[in-house]
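Asker: One structure coming up, written as structure tokens, with questions to follow.
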Amino acid sequence: EPEVTQTPSHQVTQMGQEVILRCVPISNHLYFYWYRQILGQKVEFLVSFYNNEISEKSEIFDDQFSVERPDGSNFTLKIRSTKLEDSAMYFCASSEILADEQFFGPGTRLTVL
Amino acid sequence: QKEVEQDPGPLSVPEGAIVSLNCTYSNSAFQYFMWYRQYSRKGPELLMYTYSSGNKEDGRFTAQVDKSSKYISLFIRDSQPSDSATYLCAMSAGGATNKLIFGTGTLLAVQP
């Protein structure tokens with residue numbers, strides 16, 4: 001069964017460093033999303049991406065964040081200068097069409113020291 | 001008022017019990033409703049997807065949506081210890097992005 005994959009599973013970084021989180025969505029999906037979940041809190045929307053453009057971003061997704069689809073299979077989230085409060089689980093999701101189920105990856109746990 | 005409200009639990013039931021999980025919401029524009037299951041430090045796993053009001057059944061799971069009351073439910077019949085997890089409701093207004101708004105999740109423990 002096709003699934004969303006994410007790498008790495010755990011990333012530890014120093015405050016101020018850049019990190020890139022990687023996702024491989026399900027191959028025929030066209031809509032891509034990043035969500036995050038701070039430990040003990042709810043899953044929060046960060047950004048949606050379609051046709052090589054951001055469709056919508058939340059207020060969390062400030063200038064320190066960027067997304068890219070560098071090739072036909074990967075979808076990345078970059079945080080330019082990490083802060084302590086960026087520590088969270090980051091989930092990638094994808095859907096085949098717009099009003100459709102979103103399938104989530106296993107997540108990347110980001111720890112900022 | 002929060003957009004989506006969900007009792008965090010924990011909810012503890014004996015094996016074989018019927019479990020009822022619920023969410024309420026305030027945004028009348030929501031029209032797509034989902035239930036996800038999440039094990040500790042894992043990604044949300046889609047269980048049920050419903051459009052607008054009505055019921056949907058899949059095996060031991062039944063999802064109900066009552067848009068007039070802004071209330072959604074997930075029923076689990078014949079609950080098993082393997083059902084022990086956090087259950088997240090999520091919903092979307094559709095539109096240009098279909099971003100999901102999640103509840104806080106309900107922690108369920110099914111005791112053998």
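The values are calculated or read from the model by the stated rules, or taken from the named source; none is laboratory data. The structure presented is a predicted model; accordingly, all values stated were derived computationally and were not measured. Methodologically, a virtual Cβ is constructed for each residue, glycine included, from the backbone with ideal geometry; neighbour enumeration extends over all protein chains shown. Only protein heavy atoms, including side chains, enter the accessible area calculation; ligands, DNA and RNA are left aside. Shrake-Rupley method; radii C 1.70, N 1.55, O 1.52, S 1.80 Å.
Asker: Using a 10 Å cut-off on Cβ to Cβ distances, tally the other chain neighbours for every residue of B:96-109 and report the average as a whole number. Each step should come with its number before you reach the end.
Answerer: Numbers: counts 5, 12, 13, 12, 9, 4, 7, 2, 4, 5, 0, 0, 0, 0.
Mean inter-chain Cβ contacts per residue within 10 Å come to 5.
Asker: At A:E18 and B:K56, where each label point lies 7 Å from the Cα along Cα→Cβ, what is the point-to-point distance in nanometres?
Answerer: Using points 7 Å along Cα→Cβ, the separation is 4.1 nm.
Asker: Which whole-number percent is the relative contact order of chain B (Cα, under 8 Å, 6+ apart)? Provide the component values of the computation, followed by the final result.
Answerer: Working: 276 pairs, mean separation 41.3, N = 112.
Taking the mean separation of contacting Cα pairs over the length of chain B, I get 37 percent.
Asker: Principal axis extents for chain B, Cα atoms only, whole Å, descending order, please.
Answerer: 44, 28, 23
Asker: Taking the C-alpha atoms of chain A, how large are the radius of gyration and the largest Cα-Cα span, Dmax, in Å?
Answerer: 13.1, 38
Asker: Here's something else I'd like to know. Using Cα springs under 10 Å in a Gaussian network model of chain A, which residue among A:E44, A:E59, A:E68 shows the largest mean-square fluctuation?
Answerer: Per the Cα network of chain A with a 10 Å cutoff, A:E59 tops the list.
Asker: Given a 1.4 Å probe and no ligands, DNA or RNA in the count, how much accessible surface is buried by B and A, both sides, to the nearest 100 Å²? Display every interim value, and only then the final one.
Answerer: Values: alone 6080 and 6580 Å², together 10840 Å².
Roughly 1800 Å² of accessible surface disappears when B and A pair.
Asker: Keeping every protein chain present and rolling a 1.4 Å probe, give me the accessible area per residue for chain A in Å².
Answerer: Using a 1.4 Å probe on heavy atoms only, each residue of chain A averages 50 Å².
Asker: Given a 1.4 Å probe and the protein chains all in place, what does the accessible area of A:T111 round to, in Å² to the nearest 10?
Answerer: 40
Asker: Just tell me how shielded A:104-111 is by partners: mean number of partner chain Cβ atoms within 10 Å of each residue's Cβ, no decimals.
Answerer: Values: counts 8, 3, 5, 5, 1, 1, 0, 0.
Mean partner-chain Cβ count within 10 Å for A:104-111: 3.
Asker: Pull up all non-local amide H partners of B:L108: gap of 5 or more, or a different chain, and H-to-H distance under 5 Å with H placed in the peptide plane.
Answerer: Those lying under 5 Å, H to H, from B:L108 are B:L11, B:A85, B:T86, B:Y87.
Asker: Further, regarding this structure: Taking the Cβ-Cβ separation of A:Q64 and B:D78 as r and a Förster radius of 35 Å, what is the calculated FRET efficiency to the nearest 0.05? Intermediate results must be reported in sequence, preceding the final value.
Answerer: Working: r = 48 Å, r/R0 = 1.36.
It comes to 0.15.
Asker: Continuing with the same structure: If a paramagnetic tag sat 7 Å from the Cα of B:A96 along the Cα-Cβ line, which residues of the stretch A:28-42 would have the backbone N under 16 Å from that point?
Answerer: Backbone N within reach: A:32.
Asker: Assuming R0 = 22 Å, can you tell me the calculated FRET efficiency for the pair B:Y39 and B:A109, based on Cβ-Cβ distance, to the nearest 0.05? Write down the numbers at each step before the final one.
Answerer: Numbers: r = 12 Å, r/R0 = 0.56.
In this case the efficiency is close to 0.95.
Asker: Let me ask something else. Count, for each residue of A:88-98, the Cβ atoms from other chains sitting within 10 Å of its Cβ, then give me the mean as a whole number. Intermediate values should be presented prior to the final figure.
Answerer: Values: counts 0, 4, 0, 4, 1, 4, 0, 1, 0, 1, 6.
Across A:88-98, the average partner-chain Cβ count within 10 Å equals 2.
Asker: Out of all Cα-Cα pairs in the protein assembly as shown, roughly what percent, to the nearest whole number, are more than 24 Å apart?
Answerer: Values: 11025 of 25200 pairs.
Within the protein assembly as shown, distances greater than 24 Å cover 44 percent of Cα pairs.
Asker: Also: Using a 1.4 Å probe on the heavy atoms of the protein chains only, list every residue of the stretch A:26-66 that has 50 Å² or more less accessible area in the complete assembly than in its chain alone.
Answerer: A:K42, A:V43, A:E56
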